[in-house]
C-alpha cells in the first residue's frame, strides 16, 4: 500500500477526537456474551452505546442512532424480528449498519436467519473465513465461532458476496481483506509491524467481534470519508478503506502522549496489540510461576538468600502481600525485593496498596474486587505499570476493570486457609470456563501445591500462583525448580524451528552466522547444515572449502529426524553435488516453507558459486521453494540477462516464474538512486512492494542472508508469505539503522541483528 502514511497519522486524531466531540449514538442488537464489552469499547472511544432489542422500540432507536450493529451470536426467535426491523430501518433512514454473522454455517436455523438478514442490505458484513464462505453458499467448517478455513480460501466467496448484496465485506484472520460492493479488493492488511502477530488487525484488536468497534467509527467515517455510502449503495473507495483500517491500527499501536491513547492504547498494547506485543509475550512468560510472599524473609540476610534462591530458579513474578506492617516497612521491603529481583528480570507486584507500589517503584499492583478501582490505580501508576485483578465470578471477566487489567487472577481455585471470606472455589472446571471466556493472561491462585499444580496448569492458564509451596520449603530454589519441571511435564511447549542450509562466514557477518543471529533475534530456534566453509572477513573471501555431499546430507537428516523444522532457508550452494543433496531433502519435506537465497556473489564481489551450478539451481530447486530472494546481480545470472533498472529486474523475475519459480523477491539495493524498492512477484503478478530511502552505511554485509532468514523465521511463526516479507523488510531495515554507528573491520561490516531482540517464542497447541 503506497498511500501516504503521514496522511493517515495526520488525520487519525481528528477522526477520533470528532467521535469524542460528537459522541455518536450506536445502536447494538448484539449477543448476550459481548454486550458489556461492546458498551465499554464504545464508551472508551467517546461514542454513546445503546442496547435495545425490544421490537416495540427498535425502529425509533435506529432513527436516533448514527450507526447500527447486529450480532447474531446468541440467536433466538424473540430477537430475530428485532434484527430484521433494525436493518430495514437503517436502510430506509440511510444509516450505516454492520452485520456480524457469528457462527454462520453452524446450524440450519442460523443459516436461514442470515439469508434473510443479508437481503435487508447491511452496509458492512464482517466475518471470519468460515462464516463468509457459509454466507456465500459454500461448504464451510466452523468450530463454535472459530474459523477452520483460511482467509485466502474465502476471498472469492467474499467477492461474490459483496457483488451480490452491494455491501462491503471484511474477512478477518491472519490477513484482513476488505472487498468493495463492486467486488474490488479495496484493502489487504498483514498484521502489525510486530511480526509475531498471527492475526490481522480485525482479529488482533477486537477478537471475533470487529463489528462492535467498527460501528463506533461508521457514523464519523460515513460523514468524513464516504467509506460506506448510504445504505450500502455506494462503493468503498480504496483510499478510505485503507485510511479507516490504518486509523484503527494507529489508535491502538502508537504510544502517543494524547491522554486518550495513554488510557486505551497502552493497556491494549500490553495485550498484544501494536508495538507492545513484545511486552505481553514477556508478561505471560513472567506470570508462569507466580509466588505470593509476606515479606518477612526480606528483613534478614538468611531470608534474603532464600528469596534470591527462588528468584533465580524459575519464579517469574512475586506478589508482596504485607497486611500487618507499617507503610514505611512495606515500602522498604518492596524496594529490597526489587533490588533482589532486578538481575533475574522478575516482576515485583504489590498486593492491594497502590500507594506502596507508587512510592517503592514496583512493577505494578494487584487489586481485589473491593480494592482501589482499576481506573484510579491506572491514573496514579501510569500506563507502564502492570495491574492485575482478582476474579471471583465468571461474569466479572467481562466487567470494565477486568477488560482494562493486564492480567486476571482466578481466585480461589481451591479452598485455602490463606484466602478467607471469598467466593466459592472455582475448581478445575471453572478454570477451563474462564480460559474459554477470555484470552487475557490468566493466573490461577488459591490452594495450589505441587500435587495439584500439573492439573491446574493443564487447563491452559498462563500462570500458577503458589504461597506455601515455596515459602515453607526448606530449599526455596529446589522447590521453584521442581514446580517448573512439573509444569513442563504437564503442558510441554515448542518453539518455531528454522533450519539454515548455507555456507559458514568466518567473519560472522553473513552465511550461517547471520542466519543463526537472525533466528535468535526473532525468537526462533535456529539450526544449521553447513554447505561450505569460507575464509573471509569484511574485506573479501580468501578461500572456500565445500562440505562433502554425504556429510551435508547427514547434517540435514540428523536435524530433521530429531528436532524437525517449521521452515527451511537455503543459502550458499557451491557446486552441483551440493544442489542435488539439498534438492533431495526439500523434495522429502514438501510441506515445509522454503526460502532460497541463491548466494552467488559476496558483498565484496567475490564469486561463491560455479557457473554450472546456476542451471542446476533452476532445474532442481525453483519449483520446490516457496520464495527465491536474489539480489540484482544474482537475478541477472539466473535469468541470463543484464539488469539496468527496476523494470528489467521485474521482467527477469517474471522469467524465473515462467521457469518454475513460485515467487521471487526482487531486491533493489543494487540499483542507482536515492530510493530503493523491493517487490514480491508470483504467478498472479506483484503481491507486495515497498520503497524506502537508501541508507548510506559501511555495514551491509549479510543483508541478503539476514533478510531471507527473517522471512523464513516469520514463515515458521505462521505468517503468510506476504506478511513474512513485510515483517522481514521492516526488521532488516531496523537492523541496518541499528548498525549505522558500528565499525568492524576495514570493509563491509554486519547488521545489528540484536537491535531489539525478541524472547524465544513459545508455542502451545492451545495457543498457537
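The values are calculated or read from the model by the stated rules, or taken from the named source; none is laboratory data. Source: prediction; values computed, not measured. Every residue, glycine among them, receives a Cβ derived from its backbone with ideal geometry; neighbour counts consider all protein chains shown.
Any idea which residue in the stretch 26-64 is farthest from residue 403 (Cα to Cα), counting only those that are assigned to a loop (DSSP other than H, G, I, E, B) and either out of contact with any helix residue (DSSP H, G or I) (no Cβ under 8 Å at 6 or more places or on another chain) or not assigned by TED's automatic domain parsing to the domain that holds residue 95 (or both)? Residue satisfying both the conditions and the ranking: 56. Note on the stretch 671-685: residues that are touching a residue at least 12 places away in the same chain (Cβ under 8 Å) and either more than 21 Å from residue 738 (Cα to Cα) or buried (at least 18 other Cβ atoms within 10 Å of the Cβ) (or both) amount to 9. Of the residues making up the stretch 721-748, those that are surrounded by fewer than 21 Cβ atoms within 10 Å (Cβ to Cβ) and part of a loop (DSSP other than H, G, I, E, B) number 9. When the helices (runs of 4 or more DSSP H) confined to the stretch 603-718 are screened for residues that are within 30 Å of residue 175 (Cα to Cα) and modelled with pLDDT of 85 or more, those reaching at least 2 such residues are found at 632-639, 646-658, 703-716.
You will find that of 76, 88, the residue that is over 34 Å from the mean Cα position of the chain (by Cα), free of Cβ contacts under 8 Å to residues at least 12 places away in the same chain and more than 22 Å from residue 137 (Cβ to Cβ) is 76 and no other. Please identify the pairs in which a residue from the stretch 638-664 that is closer than 14 Å to residue 677 by Cα has its Cβ atom under 6 Å from the Cβ atom of a residue that is assigned to a loop (DSSP other than H, G, I, E, B), counting only partners at least 6 apart or on another chain. Sorted first by the residue in the stretch 638-664, then by its partner, the pairs are 649/643.
Note on the stretch 102-113: residues that are surrounded by 19 or more Cβ atoms within 10 Å (Cβ to Cβ) and either in contact with a strand residue (DSSP E or B) (Cβ under 8 Å, 6 or more places away or on another chain) or part of a loop (DSSP other than H, G, I, E, B) (or both) total 5. Of all the residues in the stretch 508-556, those that are in contact with a helix residue (DSSP H, G or I) (Cβ under 9 Å, 6 or more places away or on another chain) and closer than 29 Å to residue 719 by Cβ number 25. Checking the stated criteria, residue 152 turns out not to satisfy the condition of being modelled with pLDDT under 55 and surrounded by fewer than 22 Cβ atoms within 10 Å (Cβ to Cβ). Being closer than 17 Å to residue 295 by Cβ and either surrounded by fewer than 18 Cβ atoms within 10 Å (Cβ to Cβ) or in contact (Cβ under 8 Å) with a residue 40 or more places away in the chain (or both) is a condition met by at least one residue of the stretch 364-378. Scanning the stretch 525-548 for residues that are free of Cβ contacts under 8 Å to residues at least 24 places away in the same chain and part of a strand (DSSP E or B) turns up 542, 543, 545.
Could you please find all residues in the stretch 551-578 being modelled with pLDDT under 95, within 13 Å of residue 530 (Cα to Cα) and in a helix (DSSP H, G or I)? Residue satisfying the conditions is 578 alone. Restricting attention to the stretch 331-355, the residues being more than 32 Å from the chain's Cα centre (by Cα) and surrounded by 23 or more Cβ atoms within 10 Å (Cβ to Cβ) number 4. Residue count for the stretch 427-477, restricted to those that are closer than 13 Å to residue 291 by Cα and in contact (Cβ under 8 Å) with a residue 40 or more places away in the chain: 12.
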